[in-house]
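The numbers here are math on the coordinates, done by the rules we state, and not lab data. Given the structure is predicted, the values throughout are model-derived calculations rather than measurements. Positions of Cβ are backbone-derived with ideal geometry, glycine not excepted, and every protein chain shown enters the neighbour counts.
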Amino acid sequence: MHDARPGSLFHEALEIPAWLEADGTRSLTDRLERDRSIAATLPGSDPIARVRHWWLAVRRDTPPAAPDAEFAANLSRARGIITFLMLLIGALAGAGTAAAVFRYDGTWPVNVVTVLAVLAVLQLVLIALTLILMLPKVPGLGALQSLLSGLNPGALAAALYRRVAGRKDERSRLLVWHEARGPAAGRFARWQMLTWSQCAAVSFNVAALVCALVLIAFTDLAFGWSTTLRLDDADVYRLARLLAAPWRELWPAAVPSAELIEHSRFFRLAASPPSAVAASELTGWWPFLLAALLTYGLLPRCCLLLLASIRLRAATRNLLLDDPRVRALLDRMSAADVHLGSDVKETAAVFPDVDARPAPAMSGDAAVVVWSGALPLGEVHRWTAEHLRWRVTEAMAAGNRTIAADAAVVERIAGLQPEALIVYVRGWEAPLLDLQDFIQALRAKVGSQCSLILVPVGANGDVSSESQRSIWSRWTARVGDPALYMETGA
Amino acid sequence: MSVHPTFAIVGHPNKGKSSIVATLAEDETVVVSPDPGTTRHARGFQMQSDGRVLYELVDTPGFQRPRALLEWLQAHERGASERPAVVREFVASHEGDARFQDECELLRPILAGAGILYVVDGAHPYGAEYEAEMEILRWTGQPRMALINMIGPGDHVAEWRRALNQYFSIVRVFDALRADFSKRLELLRAFRELAEADQSWARSLEQAVDILQRDRDARQRRAAAEIADLLIEVLSDSESAPCPEGADQVQLGQELTERLRKRIRQREHAARRAVQELYRHTALRLQSSEFELLTEDLFSERSFSMFGLSNTQLSMTGAATGALTGGAIDAAVGGASLLLGAGIGAIVGGLGAMLGSNRLAKVRLMGSALGGHRLIVGPISAVNLPWVILGRALLHHRLVAETNHARRESLVLDAGAGEHFAGSIEASRRRHFTSAFQLIREQHGLSGPQRDDLILWIVAAMKDLGPRSP
């Protein structure tokens, strides 16, 4: 059964266009019929929901080709693995960094300035750079965005994946920003990269926070502050209050007092670390540091991760909806139901491609019948002399009036006992069974020895055209009379 | 009368009955044969919308023994009011009679209530033998229209009209092989006149015309989408291959360029197939002898001169697009630049288009962040190529959209195509195309809304370039 959960949208954004590409070999009529009938059963108008429901319906009958399904599954898996790796790397880096900055061997206290520089200020700088990356392409910032994206851990992970996986499929470029083709793919790759980097950053902060808490809870840390900068206690107090402004009301204990700042300053040039008397006060910094880490590290990263995830989701929707094959599908799903054509199978007659034989002799006396006014009777002698070598003994008209009149013509010809009978017909008209009846009636009266020669005449008394002759020749052969011939006069 | 409008297409054999059906039903599978008697049985072709039949055409065999039939009817005549009943008796008494199989087949739908469309050939002279057929149709008492089809170069329309007017209330000339879409709609409107006695028939036919028009517009938009996707893919496409140390870059570049050319040709071919399928012309072939312009190689000089823009048009379009971009800067600074932006933009755009590379695509050697090099050919940089592709696609579309389904031979291009086909697109629209081409190159594609805009411009260009006036 197909998994239509929202989490598999990326998987479908890969699978559906590939399936539609292969589906393009089916006739448009079939596709229109299928897609329209599925669409008729779908509620709502959200295009993504419609496409996904359509997919659910269609793949029951025609599952995706194995390589496409496998590729989509592999790329989805790769995406998951990279996400996990980013979380792991972030967590390890966070724990390692926290362990390093909170390192206390019982001599010199943990320097609050170092902790703030690494876990708050540096993070704020990185967040600012991330925000630059999140901006749409701005003239002048392109080079900086390009440089930053090259250094982004998410981009590096994707590039490494592509290198290791060595995939030739264009779609594997989706995970690498600089290789993604087209606006939709580019947007997806950018937000994918940012989502990964924010996953790593959130993981980094959580791990740093947990590590700091563990160290605070299970070891006896001492904090102090020391800097080469020319800052006095009042400056540091002001700075600390400024940094603590976001939580000052919520957590007053996490705001360092002036006394704490005054007492916890130390100089490494001093002969010995601060005295043990001040140790209890020296530990008073930790709520401030945890609050700073939460406020300037974890919280903005969580916000960025949320933003990146929302944008990634939108980019994944676009990835699916901007695909021309998917747009064509949506168009088919909403196409008007117009059907032209027949449900009855064509049962056209197929005739053998056999031509009539020419008359065996082309001289002597012949009677003439002009069928359906093919020639004026007065023209018969001239036309016959000009185009054929027969001598006309008598000319009669048939096919114009009643069948009884035709029968009288047949009787009259029978009385003449001709060796040959020429029948002029209108070359531009199709031969009818009406004429065939007349020929058969003639044959019955004149006997099998008499040559019957059909001569199709063109309009205005010209010889018939090649295409007209061809139609008459095949028809003459089909009548099946061994002494029925065709001449053209050409 | 029938529940839905039904018209039986009847007449002498080989007068284009099946061609008319093929044209109106857009069905290229209808057998159109020069041999008389090819159509053996009556065959209905319906137009349906949302499962409802709006009208039906019935293709029938031609009359084979009209004089014998008429003599039978006359022999059984009981007065004018009984004539339809006598026709019915004829059909009933000749069921299974091989001699009158064709006549029974063609009369049966008429007796079931179909209107009559009697087809004759106006390119050849009138003949008295047709009178038996017309008289039989008059005996049926059904509404009748005569269609003068033109099979060949002759003109005997006036002669035919004089005869047909005596038997038919409506006489129309309809060239089944050359009728374009508007002519087909015109004919359907004429059917409405024939059906005016029945209001439900008239309403159905009105709806059919309306739906067909909307369906036509939708097809045109879909064809434009195919052309837009062709342009997007071609202009953002590139070829690349690993380029190891010491490899012959020139040779590799040529190989990649050739591969790119081949893919573009295949893509153009696929787009043409899709457009033909949209218009239900899957069997249509563009044979080289008759249709050499569209079979001309995409990258040949002739293609560029026939379909692309001239150098002047390229420069003018480039200058106008540049001026537009520069003008935006002028507007942004509130005119403080004294229109310098527009002026510089026009010069840069014009010169850029004029001196732009004629090479198919740029060749670049790119290093990877993780080591190794790749030689990349693309995306397409030849300034005129998108215009050539667009010009060819628009001409192909015009011919496919105008060709009706009765044609069995290849498409034939008229001499009116002229030179620099894409240059016929209105100048202001050309600027939009230039901007779109530029965007595709920069972004390696277009976003959904940008693609929609391109489709709209292509639809507008389709209207600029066709249809041909009759």
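Each residue of region A:444-458 was assigned a 3J(HN,Hα) from its phi angle through the Karplus expression (A = 6.51, B = -1.76, C = 1.60, θ = phi - 60°), giving 4, 8, 8, x, 6, 7, 6, 7, 9, 10, 7, 10, x, 10, x Hz with x at Gly and Pro.
For chain A, the longest principal axis of the alpha carbon atoms and the long axis of helix A:122-134 meet at an angle near 20°. Counting Cβ atoms of other protein chains within 10 Å of each Cβ in A:466-475 and taking the mean gives 2. Within a straight-line Cα-Cα reach of under 18 Å, B:LYS362 can be paired with the following aspartates and glutamates, leaving aside sequence neighbours fewer than 8 residues apart in one chain: A:GLU179, B:GLU233, B:ASP237, B:GLU239, B:ASP248, B:GLU255, B:GLU258, B:GLU442.
B:PHE168's amide H: which non-local residues (gap 5+, or another chain) put their own amide H closer than 5 Å, with H modeled 1.01 Å from N in plane and none for Pro or chain starts? It is none; the list stays empty. Evaluating 6.51 cos²θ - 1.76 cosθ + 1.60 at θ = phi - 60° for every residue in region B:230-239, the Karplus couplings come out as 4, 5, 4, 5, 5, 6, 9, 7, 8, 10 Hz, glycine and proline recorded as x. The ranking of B:TYR279, B:TYR126 by Cβ neighbour count inside 10 Å, starting from the fewest, reads B:TYR126, B:TYR279.
Counting other C-beta atoms within 10 Å, which of A:TRP55, A:TRP225, A:TRP108 has the fewest, and how do the rest follow? Each step should come with its number before you reach the end.
Numbers: A:TRP55 21, A:TRP225 24, A:TRP108 17.
The most exposed by this proxy come first: A:TRP108, A:TRP55, A:TRP225.
Take the Cα of A:ARG26, step 7 Å toward its Cβ, do the same at A:THR347, and the gap between the two points is 3.1 nm. Put simply, the amide H of A:ALA359, placed in the peptide plane, has neighbours under 5 Å in A:MET486, leaving out anything fewer than 5 places away on its chain.
So between A:ALA314 and A:ALA385, what do we pick up on full extension, going 0.36 nm a residue minus the alpha carbon distance? Each step should come with its number before you reach the end.
Working: separation 71, 0.36 × 71 = 25.56 nm, distance 8.81 nm.
Taking A:ALA314 through A:ALA385 to full extension adds about 16.7 nm, to one decimal.
In this rough spin-label picture, where each label sits 7 Å from Cα along the Cβ direction, the A:ALA73-A:ASP235 distance is 6.4 nm. The mean sequence distance of close C-alpha pairs (under 8 Å, at least 6 residues apart), as a share of the length of chain A, puts its relative contact order at 15 percent.
Quick check: from the Cα gyration tensor, does region A:1-130 come out rounded (a/c under 1.5), prolate or oblate?
Values: a/c = 4.58, a/b = 3.36, b/c = 1.36.
In terms of gyration-tensor shape, prolate.
Proximity of backbone amide H atoms, modeled 1.01 Å from N, is registered between A:MET396 and A:VAL368, A:VAL369, A:VAL370 at under 5 Å, excluding neighbours fewer than 5 places apart on the same chain.
Residue pairs exceeding 24 angstrom between C-alpha atoms, taken from A:LYS345/B:LYS15; B:LYS17/B:LYS463; B:LYS17/B:LYS183: B:LYS17/B:LYS463. Along region B:188-194 the Karplus relation, 6.51 cos²θ - 1.76 cosθ + 1.60 evaluated at θ = phi - 60°, assigns HN-Hα couplings of 4, 5, 5, 4, 4, 4, 5 Hz to successive residues, with x for each Gly and Pro.
Within 10 Å of each Cβ of B:438-451, how many other protein chain Cβ atoms are there on average?
4
One Cα centroid belongs to region A:442-489, the other to region B:94-166; the line between them spans 25 Å.
Could you please rank A:SER470, A:SER363, placing first whichever residue has the fewest other Cβ atoms within 10 Å of its Cβ?
Values: A:SER470 16, A:SER363 10.
So the ranking, lowest neighbour count to highest, is A:SER363, A:SER470.
For peptide A:424-436, compute the average count of partner chain beta-carbon atoms within 10 Å of each residue's beta-carbon.
Details: counts 0, 0, 4, 1, 9, 11, 11, 6, 12, 13, 9, 2, 2.
Mean inter-chain Cβ contacts per residue within 10 Å come to 6.
With N the number of residues in the protein assembly as shown, Rg(Cα) / (2.2 N^0.38 Å) evaluates to 1.41. Just check chain A against the gyration tensor rule for me: Cα atoms, a ≥ b ≥ c as the square roots of the eigenvalues, rounded for a/c under 1.5, and otherwise prolate or oblate depending on whether a/b exceeds b/c. It comes out prolate by the Cα gyration axes. How far is helix A:142-151 tilted, in degrees, relative to the longest principal axis of the Cα atoms in chain A, given as a value from 0 to 90 rounded to the nearest 10? Around 70 degrees separate the two axes. By the helix-only formula, in which each DSSP H run with n ≥ 4 contributes -39500 (n - 2.57) and the sum is divided by residues, chain A has a 222 nm mean residue ellipticity of -17500 deg cm²/dmol.
Looking at the protein assembly as shown alone, DSSP beta bridges between its own residues are antiparallel in about 35 percent of cases. What's the angle, to the nearest 10 degrees (0 to 90), between helix A:233-243's Cα axis and the longest principal axis of chain A? Between helix and principal axis, roughly 30 degrees.
For chain A, the longest stretch holding no trypsin sites (Lys or Arg not before Pro) located in a DSSP loop with at most 13 other Cβ atoms within 10 Å is which?
Working: sites that count: A:ARG26, A:ARG103, A:LYS137, A:LYS168, A:ARG230, A:ARG268, A:LYS345, A:ARG389.
Answer from the scan: A:390-490.
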